[in-house]
Amino acid sequence: MDSFLRNNGLSVALVVMFLLSALGMIWSGQAVHNEELREHGAPAVGVMAYLTSGDFLSALFENWESEFLQMSAYVILTAMLFQRGSAESRDPDAPHRPNDELRAATRKQMPIRSWLYSYSLGMALALLFIVSFAFHWWASLTAANEEALRHGGQVQSFGDYLLETQLWFESFQNWQSEFLSTAVLVVLSIFLRHKGSPESKPVGAANSDTGE
(Lines give C-alpha, C1' and ligand atoms only; values in the text may rest on other atoms or scores of the structure.)
Protein backbone atom coordinates (compact mmCIF):
# COMPACT_ATOMS: atom_id res chain seq x y z
CA MET A 1 0.00 0.00 0.00
CA ASP A 2 2.85 2.40 0.82
CA SER A 3 4.38 1.71 -2.59
CA PHE A 4 1.03 2.23 -4.33
CA LEU A 5 0.46 5.58 -2.62
CA ARG A 6 4.00 6.71 -3.38
CA ASN A 7 3.70 5.78 -7.05
CA ASN A 8 0.16 7.09 -7.50
CA GLY A 9 -0.10 9.78 -4.85
CA LEU A 10 -0.79 12.62 -7.29
CA SER A 11 -3.75 10.85 -8.91
CA VAL A 12 -5.12 9.69 -5.55
CA ALA A 13 -4.91 13.18 -4.05
CA LEU A 14 -6.62 14.77 -7.05
CA VAL A 15 -9.43 12.17 -7.08
CA VAL A 16 -10.02 12.66 -3.34
CA MET A 17 -10.10 16.45 -3.81
CA PHE A 18 -12.51 16.02 -6.72
CA LEU A 19 -14.86 13.82 -4.67
CA LEU A 20 -14.82 16.17 -1.68
CA SER A 21 -15.47 19.15 -3.96
CA ALA A 22 -18.30 17.28 -5.72
CA LEU A 23 -19.92 16.48 -2.36
CA GLY A 24 -19.62 20.13 -1.36
CA MET A 25 -21.18 21.18 -4.66
CA ILE A 26 -24.10 18.76 -4.15
CA TRP A 27 -24.70 19.86 -0.56
CA SER A 28 -24.57 23.58 -1.25
CA GLY A 29 -26.27 23.37 -4.65
CA GLN A 30 -29.22 21.42 -3.29
CA ALA A 31 -29.69 23.99 -0.52
CA VAL A 32 -29.67 26.87 -3.03
CA HIS A 33 -31.98 25.01 -5.44
CA ASN A 34 -34.51 24.20 -2.72
CA GLU A 35 -34.48 27.79 -1.51
CA GLU A 36 -35.33 28.94 -5.05
CA LEU A 37 -38.13 26.37 -5.24
CA ARG A 38 -39.59 27.53 -1.92
CA GLU A 39 -39.54 31.14 -3.13
CA HIS A 40 -41.73 30.06 -6.06
CA GLY A 41 -44.06 28.00 -3.87
CA ALA A 42 -42.73 24.64 -5.08
CA PRO A 43 -41.83 21.73 -2.77
CA ALA A 44 -38.19 21.03 -1.95
CA VAL A 45 -36.50 18.07 -3.64
CA GLY A 46 -34.33 15.30 -2.26
CA VAL A 47 -30.73 14.56 -3.15
CA MET A 48 -31.48 12.08 -5.94
CA ALA A 49 -34.02 14.39 -7.55
CA TYR A 50 -31.51 17.24 -7.38
CA LEU A 51 -28.75 15.10 -8.92
CA THR A 52 -30.94 14.42 -11.96
CA SER A 53 -32.18 17.99 -12.30
CA GLY A 54 -31.15 20.28 -15.11
CA ASP A 55 -29.95 22.80 -12.55
CA PHE A 56 -27.29 20.46 -11.12
CA LEU A 57 -26.26 18.76 -14.35
CA SER A 58 -25.92 22.05 -16.20
CA ALA A 59 -23.60 23.44 -13.52
CA LEU A 60 -21.61 20.20 -13.47
CA PHE A 61 -21.08 19.81 -17.20
CA GLU A 62 -20.42 23.48 -17.94
CA ASN A 63 -17.43 23.24 -15.59
CA TRP A 64 -16.21 19.93 -17.01
CA GLU A 65 -16.59 21.40 -20.50
CA SER A 66 -14.34 24.36 -19.72
CA GLU A 67 -11.69 22.21 -18.05
CA PHE A 68 -11.44 19.80 -20.97
CA LEU A 69 -11.38 22.72 -23.40
CA GLN A 70 -8.50 24.25 -21.46
CA MET A 71 -6.51 21.03 -21.33
CA SER A 72 -7.10 20.05 -24.96
CA ALA A 73 -6.18 23.55 -26.19
CA TYR A 74 -3.11 23.55 -23.93
CA VAL A 75 -1.85 20.18 -25.17
CA ILE A 76 -2.42 21.08 -28.84
CA LEU A 77 -1.08 24.66 -28.65
CA THR A 78 2.09 23.67 -26.79
CA ALA A 79 2.84 21.25 -29.62
CA MET A 80 2.76 24.14 -32.11
CA LEU A 81 3.65 27.37 -30.27
CA PHE A 82 6.47 28.53 -28.00
CA GLN A 83 6.97 30.85 -25.04
CA ARG A 84 10.65 31.53 -24.47
CA GLY A 85 11.63 31.16 -20.82
CA SER A 86 8.49 29.27 -19.76
CA ALA A 87 8.62 25.88 -18.10
CA GLU A 88 5.43 25.08 -20.01
CA SER A 89 7.01 25.43 -23.46
CA ARG A 90 9.51 23.59 -25.61
CA ASP A 91 12.69 25.49 -26.37
CA PRO A 92 12.13 27.37 -29.67
CA ASP A 93 15.84 26.90 -30.48
CA ALA A 94 15.64 23.12 -29.93
CA PRO A 95 12.01 22.14 -30.45
CA HIS A 96 12.54 18.47 -31.24
CA ARG A 97 12.41 16.17 -28.23
CA PRO A 98 14.18 12.81 -28.00
CA ASN A 99 12.00 9.71 -28.39
CA ASP A 100 9.11 11.78 -29.76
CA GLU A 101 8.60 9.59 -32.82
CA LEU A 102 7.49 6.00 -33.15
CA ARG A 103 9.91 3.67 -34.87
CA ALA A 104 9.93 4.04 -38.65
CA ALA A 105 8.95 0.38 -39.09
CA THR A 106 5.88 0.87 -36.89
CA ARG A 107 4.84 4.01 -38.75
CA LYS A 108 5.21 2.23 -42.09
CA GLN A 109 3.30 -0.90 -41.05
CA MET A 110 0.46 0.88 -39.22
CA PRO A 111 0.41 4.51 -40.45
CA ILE A 112 -3.14 5.38 -39.34
CA ARG A 113 -2.80 3.70 -35.96
CA SER A 114 0.59 5.34 -35.45
CA TRP A 115 -0.79 8.79 -36.29
CA LEU A 116 -3.77 8.33 -33.96
CA TYR A 117 -1.52 7.19 -31.11
CA SER A 118 0.89 10.07 -31.70
CA TYR A 119 -1.90 12.62 -31.18
CA SER A 120 -4.20 10.57 -28.93
CA LEU A 121 -3.91 12.78 -25.82
CA GLY A 122 -5.03 15.98 -27.51
CA MET A 123 -7.80 14.17 -29.40
CA ALA A 124 -9.08 12.41 -26.27
CA LEU A 125 -9.26 15.70 -24.36
CA ALA A 126 -10.95 17.42 -27.32
CA LEU A 127 -13.51 14.60 -27.48
CA LEU A 128 -14.19 14.93 -23.74
CA PHE A 129 -14.75 18.66 -24.32
CA ILE A 130 -17.26 17.97 -27.12
CA VAL A 131 -19.12 15.37 -25.05
CA SER A 132 -19.19 17.66 -21.99
CA PHE A 133 -20.46 20.55 -24.11
CA ALA A 134 -23.24 18.35 -25.51
CA PHE A 135 -24.31 17.32 -22.01
CA HIS A 136 -24.11 20.95 -20.84
CA TRP A 137 -26.29 21.99 -23.78
CA TRP A 138 -28.88 19.33 -22.92
CA ALA A 139 -28.81 19.98 -19.16
CA SER A 140 -28.95 23.76 -19.54
CA LEU A 141 -31.95 23.36 -21.86
CA THR A 142 -33.59 21.08 -19.30
CA ALA A 143 -33.00 23.63 -16.54
CA ALA A 144 -34.36 26.45 -18.70
CA ASN A 145 -37.47 24.45 -19.57
CA GLU A 146 -38.02 23.49 -15.92
CA GLU A 147 -37.83 27.18 -15.03
CA ALA A 148 -40.21 28.06 -17.89
CA LEU A 149 -42.76 25.49 -16.75
CA ARG A 150 -42.68 26.84 -13.18
CA HIS A 151 -43.51 30.30 -14.51
CA GLY A 152 -45.92 29.27 -17.24
CA GLY A 153 -43.44 30.07 -20.00
CA GLN A 154 -42.73 28.33 -23.28
CA VAL A 155 -40.34 25.39 -23.52
CA GLN A 156 -37.58 25.44 -26.13
CA SER A 157 -36.17 22.83 -28.51
CA PHE A 158 -32.51 21.80 -28.80
CA GLY A 159 -32.07 23.81 -31.96
CA ASP A 160 -33.67 26.93 -30.51
CA TYR A 161 -31.62 26.72 -27.32
CA LEU A 162 -28.32 26.50 -29.22
CA LEU A 163 -28.93 30.14 -30.19
CA GLU A 164 -29.91 31.12 -26.64
CA THR A 165 -27.51 33.59 -25.04
CA GLN A 166 -27.88 31.89 -21.64
CA LEU A 167 -26.13 28.77 -22.93
CA TRP A 168 -23.22 30.76 -24.34
CA PHE A 169 -22.97 32.99 -21.27
CA GLU A 170 -22.59 29.87 -19.11
CA SER A 171 -19.85 28.60 -21.43
CA PHE A 172 -17.90 31.80 -22.04
CA GLN A 173 -17.84 32.77 -18.36
CA ASN A 174 -15.89 29.56 -17.70
CA TRP A 175 -13.80 29.52 -20.87
CA GLN A 176 -12.31 32.96 -20.26
CA SER A 177 -11.14 32.03 -16.76
CA GLU A 178 -9.52 28.81 -17.99
CA PHE A 179 -7.55 30.56 -20.71
CA LEU A 180 -6.54 33.32 -18.29
CA SER A 181 -5.27 30.90 -15.64
CA THR A 182 -3.31 28.93 -18.24
CA ALA A 183 -1.72 32.11 -19.62
CA VAL A 184 -0.81 33.19 -16.08
CA LEU A 185 0.88 29.83 -15.44
CA VAL A 186 2.82 30.02 -18.70
CA VAL A 187 4.10 33.53 -17.98
CA LEU A 188 4.73 33.17 -14.23
CA SER A 189 6.79 30.03 -14.81
CA ILE A 190 9.31 32.23 -16.64
CA PHE A 191 10.14 34.20 -13.49
CA LEU A 192 8.94 32.13 -10.51
CA ARG A 193 9.89 28.68 -9.22
CA HIS A 194 8.43 25.87 -7.12
CA LYS A 195 11.10 23.49 -5.94
CA GLY A 196 10.42 19.88 -6.90
CA SER A 197 7.52 20.55 -9.25
CA PRO A 198 7.78 19.39 -12.90
CA GLU A 199 5.59 22.38 -13.76
CA SER A 200 8.45 24.65 -12.69
CA LYS A 201 11.98 25.11 -13.96
CA PRO A 202 14.72 24.13 -11.48
CA VAL A 203 15.23 26.76 -8.82
CA GLY A 204 18.69 27.55 -10.11
CA ALA A 205 17.62 27.92 -13.76
CA ALA A 206 17.85 31.29 -15.48
CA ASN A 207 14.70 33.11 -16.53
CA SER A 208 15.75 32.73 -20.16
CA ASP A 209 15.89 28.91 -19.88
CA THR A 210 12.91 27.32 -21.60
CA GLY A 211 11.31 24.02 -20.58
CA GLU A 212 11.77 21.98 -17.44
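Quick notes
- Dividing the convex hull volume of the alpha-carbon atoms in the range 40-115 by its residue count gives 191 Å³ per residue.
- Only helices reaching 20 angstrom along their own axis (Cα) with mean Kyte-Doolittle hydropathy no lower than 0.0 count here, and for the DSSP H runs of the chain these are 2-39, 54-78, 120-150, 165-191.
- Across Ser197, Ser89, Ser11, mean-square fluctuation computed from a Gaussian network of the chain (C-alpha pairs under 10 Å connected) peaks at Ser11.
- Rolling a 1.4 Å probe across all protein chains gives His40 an accessible area of roughly 100 Å².
- Cα gyration tensor shape of the chain, rounded if a/c is under 1.5, else prolate or oblate by comparing a/b with b/c: prolate
- Loop trypsin sites (Lys or Arg not before Pro), the range 1-105 (other Cβ atoms within 10 Å of the site Cβ: 14 or fewer; DSSP): Arg84, Arg103
- GNM top mover of Met80, Met110, Met123 - the chain, alpha-carbon springs below 10 Å: Met110
The values are calculated or read from the model by the stated rules, or taken from the named source; none is laboratory data. Values in this document were obtained by computation on a predicted structure and should not be read as measured data. Glycine also receives a Cβ, built like all others from the backbone with ideal geometry; neighbour counts cover every protein chain displayed. Just the protein is used for accessible areas: all its heavy atoms, side chains included, with ligands, DNA and RNA removed. Shrake-Rupley method; radii C 1.70, N 1.55, O 1.52, S 1.80 Å.
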